[in-house]
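Down below is the structure, laid out as structure tokens.
The values are calculated or read from the model by the stated rules, or taken from the named source; none is laboratory data. What you are looking at is a predicted structure, and each value in this text was computed from that prediction instead of being measured. Neighbour counts run over all protein chains shown; Cβ positions are idealised from the backbone, glycine included. Keep in mind that these areas ignore ligands, DNA and RNA; they rest on the heavy atoms of the full protein, side chains included. Shrake-Rupley method; radii C 1.70, N 1.55, O 1.52, S 1.80 Å.
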Amino acid sequence: AAKPSPAASTSGNYAVQLGAFKDEATATAEWQRLKAAHPDVLGSLSPLVERADLGAKGIWFRLKAGPLPQDTAKKTCVTLKSANVTCIPAPR
């Protein structure tokens, strides 16, 4: 299989969501851990910690990495899930 061009792997309006945490520091620490554990999959991506107000459930911080095209985000999640990493393709 041909490798995607660098532009294809660093553009798009999707990301992979790697978890949701009660504070931003935990989300950032999880990014560092996941990037170190899976540099071949996550190394070229940029982290995004997104604040989400879920009403009665409180404030959560979603850890996303991207940007990626939607199809690449889906494929990346398949790879990460096979390594027991929580992953959801999500809009950026």
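Once the Cα-Cα distance is subtracted from the 0.36 nm per residue extended length, the A83 to R33 segment shows a gain of 16.6 nm.
Local charge for R92 was computed over the other residues whose Cβ lies under 10 Å away, with Lys and Arg +1 and Asp and Glu -1, and equals 0. Note on the chain: helix-only mean residue ellipticity at 222 nm, from DSSP H runs of 4+ residues weighted -39500 (n - 2.57) and normalised by residue number, equals -10500 deg cm²/dmol. Axis angle, to the nearest 10 degrees, between helix 70-82 and the longest C-alpha principal axis of the chain: 80 degrees. The tail of the calculated P(r) for the chain beyond 20 Å holds 32 percent of all Cα-Cα pairs.
Only Lys, Arg, Asp and Glu carry charge here, each on its Cβ (+1 for the first two, -1 for the last two); on that basis the chain has a dipole of about 160 debye about its Cα centre. Projecting the Cα atoms of P89, F61, A27 onto the charge dipole of the chain, computed from C-beta unit charges around the Cα centre, puts P89 farthest toward the positive end. Here, the stretch 19-69 is characterised by an Rg to Rh ratio of 1.03, where Rg is the alpha-carbon radius of gyration and Rh the Kirkwood radius.
Local charge for P69 was computed over the other residues whose Cβ lies under 12 Å away, with Lys and Arg +1 and Asp and Glu -1, and equals +2. Per residue, the solvent-accessible area of the chain (1.4 Å probe, heavy atoms of protein chains only, all protein chains present) comes to 60 Å².
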